[in-house]
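The structure appears below as structure tokens.
Every read-out reported here was derived from the displayed coordinates using simple, explicitly stated rules and does not represent laboratory data. Predicted model, so just to flag it, every value in this text is computed and none were measured. Positions of Cβ are generated from backbone atoms using ideal geometry, with glycine treated the same way; all protein chains shown enter the neighbour counts.
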Amino acid sequence: SYAIHIPEDWNGGDLVLYAHGYVFSPDITDPLMAALRNLVPPLPSELLTRLGEMLPQPRINEILRNGLLDKGFAVAYSTFSEDGDGYLLKEGVIRTRQLRGIFTSKVGKPAYTYLVGQSLGGAISLMLAEKNPKLFSGALLVSGFVGGGQMQIDYVANAYLLLYHYLTEPGSSVPILPHILDIPEEPGALLALLTDIVPKVITALPGIIPQLLSVRVKAKGDSDEEGIPVFQVDEAWWPSEMDKIVEAILSPLLFVLFGTNEILDRTHGNVMFDNTETVYSDPILDNGVERFTSPPDAANYLKHWYEPTGKLKIPVLTLHNKFDAIVPYYHEDAYYDKVLLDAGNTDMLKQRGVGLAYTYPFGHCKFTLEEIGFALGELEYRVEYGEWPSLWPPLP
């Protein structure tokens, strides 16, 4: 299904096609949050608030939609699929592209058409911008995994393997977590598992956080001596801001628990993750971690849905929180390198990231309406005048 909203004085103005992010099933998230709120002893209220904000993942950001309407934009968006939730990148690309034609036939041709995508929707919008530049004027990507689907899968899978290795039942070597390929698919069984293990993980984490934060990963033969940290945590948070650290560690864990089976269904059970050439900085972990091989058909799925090319013919502006525990900021670095090295057209790309005065340096898609509106205004300027604004102050 889709929705189209038109401001009263639109009259052939600009259109925003909004692409939503990854959606967790409320059939599981709602009872899970209820169970977590009733734990004895209770979880910290700040952590419950953070989990409550992270898990629902609505299909449309109503505050953003209404803010865009107030600025005079028409807004259209799709639910992508009626059959479920999850990694709906393929469905999102198809439905969002179709929605442009539906809007034109029902309402009229807009002066400019902007793609705005958050998280998974950022990857959807980027694919449309790269593959169909004649259909769109520009794209604003908010916390998108612009480094590609494979980079995102590698991140959450490595995080899960670390937790599987370090988190054990008290006084034993038995892992708290299920094997990554043995996560129950039936919703009731998954809910029972989550209700059981999430409190155990939260209880056990303080004892292993220094180990978790010290682990780096890199490809064998990589010239980067240290590699990149697995978890997206500011070391200054330890030990005073435990709620942020716990959220940063739980975020990729929950994505694996919720999404692994849905991802495997797309590749007929073949694993999309390959760590045969990965070096883990902890020698014991590196020696003992299970190694997975991704067959060509699974790797090809992620390459097609989607490995960005870096070839831009329309302007793209990105927003990304510095410490994003769901889609790491290093996606931005990877995409810049592609644009620079593979295509060389960096003038089409502007990235808002480290060093700017965001309201929320930690979080995923944590931007105020004013910040997103400011960025969209800069994108409009680039589209209409052919150059980025000369002054780039910090976002308000």
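What's the FRET efficiency of N261 with D297 using the Cβ-Cβ distance as r and R₀ = 22 Å, to the nearest 0.05? Numbers along the way, then the final one.
Values: r = 18 Å, r/R0 = 0.80.
The value I calculate is 0.80.
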Report summary line: Inter-part gap, Cα centre of the range 160-236 to Cα centre of the range 264-286, in whole angstrom, is 14
Query raised in the report: For the Cα atoms of the chain, what angle does the longest principal axis make with the long axis of helix 242-266, in degrees from 0 to 90, nearest 10?
Result: 80
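Work through the residues other than W388 whose Cβ is under 13 Å from its Cβ and net out their charges, Lys, Arg +1 and Asp, Glu -1. Let's see the in-between values first.
Numbers: positive: K350, R352, R382; negative: D347, E378, E380, E384, E387.
After counting each charged neighbour, the total is -2.
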Report summary line: Under 5 Å from the placed amide H of T168, counting only residues 5+ away or on other chains, we find I176
Query raised in the report: How far apart, in nm, are two points set 7 Å out from the Cα along the Cα-to-Cβ line at I60 and at Q98?
Result: 1.7
**Report entry** Reachable lysines, given that their alpha-carbon falls under 24 Å from the alpha-carbon of K218 and they are not under 8 places away in the same chain
**Finding:** K303, K322, K338
Query - Within a Gaussian network of the chain (alpha carbon springs, distance under 10 Å), most fluctuating of I284, I153, I202 - result: I284
Query raised in the report: What residues qualify as long-range amide H neighbours of V16, i.e. H under 5 Å apart, gap of 5 or more or another chain, H built at 1.01 Å from N?
Result: A74, V75, A76, Y114
Query - Within the range 108-137: backbone nitrogen closer than 14 Å to the I4 label point (7 Å, Cα to C-beta) - result: 108-111
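Given the rule -39500 (n - 2.57) for each run of at least 4 DSSP H residues, summed and divided by the residues of the chain, what is its mean residue ellipticity at 222 nm, to the nearest 500 deg cm²/dmol?
The helix contribution divided over the chain gives -13500 deg cm²/dmol.
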Query - Nearest 10 degrees, 0 to 90: helix 187-204 Cα axis against the chain principal axis - result: 70
**Report entry** All lysines inside 27 Å of K200 as judged from Cα atoms, apart from same-chain residues fewer than 8 positions distant
**Finding:** K244
**Report entry** Integer Hz, Karplus 6.51/-1.76/1.60 couplings in order for the range 18-34, x for Gly and Pro
**Finding:** 9, 10, 7, x, 4, 10, 7, 5, x, 5, 9, 5, 5, x, 5, 5, 4
Report summary line: If one builds a Gaussian network model of the chain from Cα atoms under 10 Å apart, the most fluctuating residue listed among F103, F136, F258 is F103
Query - Amide H contacts under 5 Å for N132, placed H, 5+ residues apart - result: none
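First select every other residue whose beta carbon is under 13 angstrom from the beta carbon of D9; then total the charges, Lys and Arg +1, Asp and Glu -1. Provide the component values of the computation, followed by the final result.
Working: positive: K71; negative: E8, D14, D70.
So the environment of D9 carries a net charge of -2.
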Query - Among [x] 45; [y] 49; [z] 37, the entry derived from the coordinates for percent of Cα pairs over 31 Å apart - result: [z]
